[in-house]
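The values are calculated or read from the model by the stated rules, or taken from the named source; none is laboratory data. These figures come from a predicted structure and were not determined experimentally. Neighbour counts are summed over all protein chains in view; Cβ atoms, including those assigned to glycine, are modelled from backbone coordinates with ideal geometry. Accessible surface is based on the protein model in full, side chains and every heavy atom, while ligands, DNA and RNA are left aside. Shrake-Rupley method; radii C 1.70, N 1.55, O 1.52, S 1.80 Å.
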Amino acid sequence: MLAAALERACPGEAPLVVAVSGGGDSLALLLAAAARAEASGPKVSAVTVDHGLRPEAAAEARRVAAICATRGISHDTLVWQGWDGRGNLQDAARQARLRLIAGWARERGIGRVALAHTRDDQAETVLMRLARGAGVDGLAGMAPERRAGGVTWLRPFLDISRADLRLYLEACGQDWIDDPSNDDRRFERVRVRQALDLLRPLGIGAAGLAATATRLASARAALEAATVEAAARLVREEAGDLLIEAGGLAALPAEIARRLMLAGLGWVSGAAYPPRARALEATLAALTRGPRATLHGCLLQRARGRIRIGREPAAVAGLSCAPGSLWDGRWRLSGPEGAERQEALEIRALGAAGLAACPDWRAAGLPRTTLIASPAVWRGGGLIAAPMAGHGKDWSAAVNCSFTAYLLSH
């Protein structure tokens, strides 16, 4: 059963990384993947993230390393020390875990990471999102495959129960670590897990909720396809902004229009999460009363029958990076040979002061707000180049991912 699930979700011979905490789910995934590798499957390695949030965490990571060493599996431990005591601890830890693992995998040229989420995890996720009033996307649950952080994340065991994975480990003679936080009612997922036990007599169980998620995932795919088709007709990229035909947007079904706008805001801002539905509704209503509105680090402007979504200048005013790095998470600037090694150079927003140093900026045919928020090359307080404003030789700027590619990958 586990081997078949791995074959469906992780086909081919490309190397596979398994994220292993030492708990039963991830150890079962690791052992099943290793058994497949021994039978001429893809090479498997393991990685563990020590969040440093519990005294036992370091010892648990060493325990995983010892299990891997016994079975001849390459293993690394990554340490996170970024918790500042604020916000949602579990979400912060999850984001850090994904970020660390993705970076580790990219450095080694490995493009696939397997996660051990089970049918029970899927059911818990659906119930949590139901409590928040989620729509189709939220109730579709976790996707079996998604692209993020430069790697592909795979969840081969979404149709397999947690109990079945424990049975597999027992058959392998492998014990596992029980994380005490799994019984800590401070965490929402723990409370939801306990609520599922109470709902089971009513016929609401993990299998049914996971099946609902699968059906809604099919509906989500249809909505996403309609959004991609609408984008091809109504949206055009210009200098890192998006131009959307306002009349065509208004004629779309409300759900497709909403998805298109959310995707546009996500592509321009690079934000990990979309704005809340009420915030989007309020912003679009504001655009009917006036020419401009801001949302999610973006500036929305309505003119000549189009809605332009661009970066809000204030959102990028303090951003800087070295040449060769991504600026604002999406812009890459290229200059003359050797420019990337000049330590005095940095990429910052052009800003109003920089625009004043570009006498011919109007020839670019772009709005002033777009240019102010565009990347420029600086040496101290001196402007070296502003590619989008046509200033400076031998420098160019391009967004690293097209809007179409962004739509297809989210």
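Here are the numbers for this structure:
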item	result
Net charge dipole size for segment 1-109 [Lys, Arg +1 and Asp, Glu -1 on Cβ; Debye, nearest 20]	80
Choice from 259, 132, 147 with maximal GNM fluctuation in the chain (Cα, 10 Å cutoff)	132
Total formal charge among the other residues, if their Cβ is under 12 angstrom from that of residue 216, Lys/Arg +1 and Asp/Glu -1	+2
Calculated P(r) tail over 15 Å for segment 259-318, as whole % of Cα pairs	46
Translational diffusion coefficient (Stokes-Einstein; Kirkwood radius from C-alpha pairs) of segment 108-195 at 25 °C, 0.890 mPa s, in µm²/s	165
Per-q log10 I(q)/I(0), segment 362-410, q = 0.15, 0.21, 0.22, 0.32 Å⁻¹ (Debye; single scatterer per alpha-carbon; no solvent)	-0.51, -0.81, -0.85, -1.18
The chain: most fluctuating residue of 250, 219, 123 per GNM, C-alpha cutoff 10 Å	250
Helix runs (DSSP H) in the chain reaching 15 Å along axis by Cα, Kyte-Doolittle at least -1.0	24-38, 57-70, 89-107, 119-131, 162-172, 188-199, 206-234, 254-269, 277-289
Choice from 288, 118, 227 showing the highest fluctuation, given a GNM over the chain with Cα pairs closer than 10 Å	288
Rg(Cα)/(2.2 N^0.38 Å) for segment 1-128, N = residue count	1.07
Rounded percent of accessible protein surface that carbon and sulfur make up, the chain, 1.4 Å probe	52
Three-way shape label, segment 236-288, alpha-carbon gyration tensor, a/c 1.5	oblate
Counted charge near residue 249, where neighbours are those whose Cβ lies closer than 15 Å (Asp, Glu -1; Lys, Arg +1)	+4
Projected-area mean, the chain, by convex hull of Cα positions, square nanometres	23.4
Principal axis box of segment 310-410, alpha-carbon based, largest edge first, Å	39, 31, 24
Charge sum, other residues only, whose C-beta stays under 12 Å from residue 115's C-beta, Lys/Arg counted +1 and Asp/Glu -1	+2
Residues in segment 258-277 reached by a label modelled at residue 325 [backbone nitrogen below 20 Å; 7 Å Cα→Cβ]	269-272
Amide H partners (placed H, <5 Å) of residue 295, local residues excluded	300
Label point distance in nm, residue 76-residue 163, each placed 7 Å from Cα along Cα→Cβ	3.9
Once the Cα gyration tensor of segment 285-362 is diagonalised, semi-axes √(5λ) in Å	30, 14, 11
